[in-house]
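The values are calculated or read from the model by the stated rules, or taken from the named source; none is laboratory data. Please read these numbers as outputs of a predicted model, since none were measured by experiment. Backbone-built Cβ (ideal geometry, glycine too); neighbour counts: all protein chains shown. Please note that ligands, DNA and RNA were not included when accessible areas were found on the heavy atoms of the full protein model with its side chains. Shrake-Rupley method; radii C 1.70, N 1.55, O 1.52, S 1.80 Å.
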Amino acid sequence: MTFVESLFGLIPAASTGQQWTARSLQVINWGGYAGHHEVPFHPDGTLISGGSGTGKSTLLDSYIALMMPHTTPFNGASNGGASGRARGKDQRNIISYVRGKTDDRLAGDSVAEAVLRGDTGDTWAAIAMTWCDQSGTTLTALKIFYVPKGATKNEECSFFRATYGGHFDLRRLQEFAVGRFPRPILTTNLGLTLFDTDSAFYTKLHS
């Protein structure tokens with residue numbers, strides 16, 4: 001039975017039956033995932049399992065961060081190292097994930113964040129998903145997050161949205177972090193297509 005036949009005629013007759021399937025998810029410096037990590041996906045399906053605190057929700061939140069606007073709340077299971085009510089303003093956000101926040105700690109009369117990186121200087125993170133369709137065409141969507149030391153709001157950070165025709169290795173970004181990822185480097189040297197708005201980025205992905 002073909003893919004089209006298996007869906008009880010819900011797909012228009014003119015459809016080719018082709019679809020995009022995820023091939024891999026990459027993260028750099030996202031939550032507890034320090035450095036570069038890549039999760040390959042099997043074409044027939046992939047199960048991610050593990051005990052509490054092993055990073056399952058962190059990976060799911062990386063996909064939310066990539067595929068949704070940066071104001072979208074992350075899932076409540078990620079908030080073990082945060083404070084405040086679930087999905088509130090004090091919960092997991094882009095900045096806390098980029099810094100790898102692990103806890104809140106007392107510093108004199110105030111509360112300071114315990115983080116894996118970014119406490120003594122600027123830091124950055126990146127997320128990428130690569131898809132392939134049945135014709136063999138491959139596309140990668142990625143976001144880069146640059147968080148200066150002391151930043152507390154998204155407006156104080158630099159976010160980049162991009163696509164790449166093929167599989168893009170996020171480790172290629174490393175050497176350009178010092179310069180805060182200059183746009184000419186991203187486009188000319190790395191061949192990325194940048195999008196200035198969420199709307200333009202998601203329009204490209206959904207098409």
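Tell me the accessible surface of residue 143 in square angstrom (1.4 angstrom probe, heavy atoms of protein chains only), to the nearest ten.
It works out to around 10 Å².
Quick one: which of 36-44, 190-198 comes out on top by average Cβ neighbours within 10 Å, and what's the full order, highest first?
Listed from highest to lowest mean packing, they are 190-198, 36-44.
Excluding same-chain residues fewer than 8 positions from residue 101, which aspartates and glutamates have a Cα within less than 16 Å of its Cα?
Candidates past the 8-residue exclusion: 61, 90, 113, 119, 122.
Which entries in 153/204; 56/153; 143/204 show an alpha-carbon gap greater than 24 Å? Walk me through the numbers before you get to the answer.
Values: 153/204 27 Å; 56/153 26 Å; 143/204 14 Å.
From the list (153/204; 56/153; 143/204), the Cα-Cα distance tops 24 Å for 153/204; 56/153.
What is the local net charge at residue 186, summed over the other residues whose Cβ is closer than 13 Å to its Cβ (Lys, Arg +1; Asp, Glu -1)?
Local charge sum for residue 186: +3.
If amide H atoms are built 1.01 Å from N in the plane of the peptide, which residues on other chains or at least 5 residues away come under 5 Å of the amide H of residue 23?
130, 131, 132
Any idea what the alpha-carbon Rg over 2.2 N^0.38 Å comes to for the range 115-167?
Values: Rg = 15.0 Å, N = 53, 2.2 N^0.38 = 9.9 Å.
Compared with the compact-globule rule of thumb, the range 115-167 sits at 1.51.
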